[in-house]
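Contents: one structure, followed by commentary.
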Amino acid sequence: MADSASSISPSSKELRSDMTMATNIARAAASAANSNTSGVRLVYSTSSTWPFSPSSSSSSSTNTIDIAVLDSSFNPPSRAHLALLLSPPILARPKRTYDGHLLLFSTQNADKGSGKPGDASLSQRVEMMTLMAKDVERIQSASGYPANVAVGLVDKPLIFAKSTLTWDLLKQQQSHDQHSRAAAASPRLHWVVGFDTLYRVFQLKYYASAPEFEQQCSQFFEKERTTFVCARRDPSSYPQTAADGEEQGGDAKEKARRGEDKLLESEYVAPWVREGSIGMLDIDPEQAKMSSTRIRSLLKDESVGEDGKREQLRGLVPPSLVEYLIESRVYRDDGV
Ligand SMILES: Nc1ncnc2c1ncn2[C@@H]1O[C@H](COP(=O)(O)OP(=O)(O)OP(=O)(O)O)[C@@H](O)[C@H]1O
Ligand SMILES: NC(=O)c1ccc[n+]([C@@H]2O[C@H](COP(=O)(O)O)[C@@H](O)[C@H]2O)c1
């Protein structure tokens, strides 16, 4: 599926029209950012009834609507993020694709607050998310699947809380649509994450107490039937987790693999692995090495010219992002 991304570059007319739409959406999202609403706010969706489009419910062989959630800083999105979002629904077999896709950005990060100077602004992230959503729509259609994508913003940093807010939004959308097939469908969220994120979700330091963490696990896995689909990440692409650091000897990849096994076998994680609520995924090894940090460094690198940057970006970011990153000069100005 990730390979099909290479063959769906938008025409320049499509790209211009998507960029204009993305800018308008970003403007509206930024001007509403200070309003006091909490929860998940959709700023773009393929259809107004997302995720309950008629095509998604009728194409499902079960009455469950399985939705992949890519929760990211979008700073900027990479081909690895695209591969995660378009990965096969390993915990929703025999489906060959998710019924819906959600790109979600938290305006508050668990470890970095509201961001670092030199990061992309909220408007730029919404623009990039919208362009990526349009790429996902094109890839799904080119693969013969219905396109059913949304872009959302949320003001909570931790996944369990964000997931419940996403769940609340789905229930709300469903209650507006009493008479369609959607009313009988049961949505299920699948958080597509890399190993570093799965590791952090299970660190007690993020929660007020162990009982509160356990209550949130139970709400996420049991009440809402949500899952984690976790991609193995090349250790060169992210700062070491404590789990990797404790492992002695061997090369970095072996250490990372042992760190993964250790987490999956640990007290708080193993029961959900056994239940089939956490699954591991291998993505393309080149994509597993990617990080947003590396893409930001490339964009800032004054020794690489515009054509060189464009060439490298083609392999690193979703198709519509290549021109956007060059033209917007994001990460390059302001001396950062
Ligand atoms: N190369 C990759 N392989 C597998 N998962 C990845 C990869 N890159 C990012 N992810 C996952 O995608 C999700 C969003 O990641 P995030 O936006 O923090 O990107 P990042 O590349 O890690 O960013 P940065 O380099 O700025 O820290 C996380 O769950 C992360 O683990
Ligand atoms: N305990 C948690 O739920 C927890 C902690 C830290 C990061 N995260 C997630 O990891 C994702 C990536 O975070 P960074 O941008 O900090 O790498 C974030 O979107 C966040 O949701 C979750």
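Place the peptides 274-287, 314-327 in order of packing, highest mean first, counting for every residue the other Cβ atoms within 10 Å and averaging per peptide. Numbers along the way, then the final one.
On the way: 274-287: 14.9, 314-327: 20.6.
Going from most to least packed, we get 314-327, 274-287.
Determine, for Lys289, Lys255, Lys205, the number of other Cβ atoms within 10 Å of each Cβ, and report the residues in order from fewest to most.
With the fewest neighbours first, Lys289, Lys255, Lys205 line up as Lys205, Lys289, Lys255.
Can you show me the helix-derived [θ] at 222 nm for the chain, built from DSSP H runs with n ≥ 4 at -39,500 (n - 2.57) apiece and divided by the number of residues, rounded to the nearest 500. Please list the in-between numbers first.
Working: 14 runs with 141 residues, N = 336.
-12500 deg cm²/dmol, from helical runs alone.
If we count other beta carbons within 10 Å of each Cβ, what is the order of Arg188, Arg16, fewest first?
Ascending Cβ contact count within 10 Å gives the list Arg16, Arg188.
Using the structure shown, select from Lys116/Lys253; Lys223/Lys262; Lys13/Lys309 the pairs with a Cα to Cα distance greater than 28 angstrom.
Violating the 28 Å limit, Cα to Cα: Lys116/Lys253.
Over the stretch 39-178, what is the mean sequence separation of C-alpha contacts under 8 Å (at least six apart), divided by residue count, expressed as relative contact order in percent?
For the stretch 39-178, the relative contact order is 38 percent.
Where the eigenvalues come from the Cα gyration tensor of the chain, what are the semi-axes √(5λ) of the equivalent ellipsoid, largest first, in whole Å?
Values: eigenvalues 158, 141, 79 Å².
Calculated on Cα positions only, the semi-axes equal 28, 27, 20 Å.
For Val317, list long-range residues whose amide hydrogen, built 1.01 Å from N in the peptide plane, is under 5 Å from its own amide hydrogen.
Arg79
From Cα pairs below 8 angstrom and at least 6 apart in sequence, can you work out the relative contact order of the chain, rounded to a whole percent?
24 percent.
Could you rank the peptides 260-268, 118-126 by their average count of other C-beta atoms within 10 Å per residue, with the highest value first?
118-126, 260-268
Looking at the chain, what % of its DSSP beta bridges pair antiparallel, to the nearest 5? Let's see the in-between values first.
Values: 5 of 31 bridges.
Taking every DSSP beta bridge within the chain, about 15 percent pair in antiparallel fashion.
Say the dipole of the chain comes from +1 at the beta carbon of Lys and Arg and -1 at that of Asp and Glu; which of Cys230, Thr46, Val322 then lies farthest toward its positive end?
Toward the positive end, the furthest listed residue is Thr46.
What is the fewest-to-most order of Ser297, Ser11 by other Cβ atoms lying within 10 Å of their Cβ?
Ser11, Ser297
On full extension of the chain, what length is gained from Glu302 through Tyr207, given 0.36 nm per residue of separation minus the C-alpha to C-alpha distance?
Roughly 30.0 nm would be gained on extension.
For a Förster distance of 30 Å, can you work out the FRET efficiency between the beta-carbons of Glu14 and Arg329, rounded to the nearest 0.05?
Between Glu14 and Arg329 the formula returns 0.85.
Along the Cα→Cβ direction, 7 angstrom out, place labels at Asn109 and Ser121. What is the inter-label distance in nm?
Modelled inter-label distance: 1.8 nm.
FYI, it's all coordinate maths here, none of it is from the lab. Being a predicted model, the structure only gives us computed values, none of them experimental. Glycine gets a Cβ as well: all are built from the backbone with ideal geometry, and neighbour counts include every protein chain shown.
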